[in-house]
């Protein structure tokens, strides 16, 4: 097997010093276009690959960024996570960084993986997601002075860099859409009160209803886990009400619940989009292929992943910079499940 080309061989081929080659490849100096082209041509011809391990030792960086998440149930793929990870990875690679993933189980110590990676110096920074109130990871990383950026907010008094999607704005858009179609008896299948994301969406729901002069009766708001089974069971319960009391529209806090709601309504003989309006949130890829296609809030997940990584790389270059906080706007994608005017 042929030996790998060295920096000095590239320099000899290009007719420059090896220091010049190194600085050009690391974008530390500017040279004439002709010289740069000679160097890049020599790199290609010799198939030169930089010694990344040696480079990392010189600048004391691993070029790895840690990312942990709670795996979804086997039958419920997480398309949001897929989009977020892909976007982050692409943005990181532009700066020669890579993502080190370490999933954690729900019943394990969430700090264990972070602690091990920090103590063994295997990563330069972290991206956090699934942020909740009083999230222990935030305080832990701040105490250890380890750079991180979060996808999601926590307590208002916590100062750290984050990127988030304005769930309240998305939910408010759903309410405005349903009200414009003539709906007044609107029910909601929400997440538990301990969910920070769920509370943010709840704020938008209640604001939208208040603006329309609509109250949400206690029996029209049911909180549970965000699963297909929950959507199916709760919708069956709601539609068991007397016909003049039951909701004409059901807002689900995610698409999984909305799909369960659609199936329940159809099993009861209702035509979704005509007899009952149902909406979701997240706009999973399968949502547009349902029958009827699901009205849902589309989140700018790819933009979120890109922005998270941009901010984190900036922090690595300037650790003393002030926290950056970015709130992205979602948009409502209207399809057949919400129907037309009633």
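Quick notes on this one:
- Some residue of the stretch 296-313 being part of a helix (DSSP H, G or I) and farther than 30 Å from residue 99 by Cα: no
- Only one of 179, 234 that is part of a helix (DSSP H, G or I) and surrounded by fewer than 21 Cβ atoms within 10 Å (Cβ to Cβ): 179
- Residue 154 modelled with pLDDT of 85 or more, on the phi < 0 side of the Ramachandran plot, surrounded by 13 or more Cβ atoms within 10 Å (Cβ to Cβ) and part of a loop (DSSP other than H, G, I, E, B): yes
- The numbered conditions (1) touching a strand residue (DSSP E or B) at 6+ places or on another chain (Cβ under 8 Å); (2) farther than 13 Å from residue 251 by Cα; (3) at pLDDT 95 or above are all true for residue 236 except (1).
- Flag for residue 246 being more than 30 Å from residue 84 (Cα to Cα), touching a residue at least 40 places away in the same chain (Cβ under 8 Å), surrounded by fewer than 23 Cβ atoms within 10 Å (Cβ to Cβ) and touching a helix residue (DSSP H, G or I) at 6+ places or on another chain (Cβ under 8 Å): yes
- Qualifying residue in the stretch 306-319 (condition: closer than 25 Å to residue 204 by Cα, buried (at least 24 other Cβ atoms within 10 Å of the Cβ), in contact with a helix residue (DSSP H, G or I) (Cβ under 9 Å, 6 or more places away or on another chain) and modelled with pLDDT of 95 or more): yes
- Which numbered condition residue 272 misses (of (1) in contact with a helix residue (DSSP H, G or I) (Cβ under 6 Å, 6 or more places away or on another chain); (2) not assigned by TED's automatic domain parsing to the domain that holds residue 200): (2)
- Conditions (1) touching a strand residue (DSSP E or B) at 6+ places or on another chain (Cβ under 8 Å); (2) outside any strand (DSSP E or B); number of the one not met by residue 203: (1)
The values are calculated or read from the model by the stated rules, or taken from the named source; none is laboratory data. None of these values were measured; they are calculated from a predicted model. Counting neighbours? That spans all protein chains shown, and the Cβs are built from the backbone with ideal geometry, glycine included.
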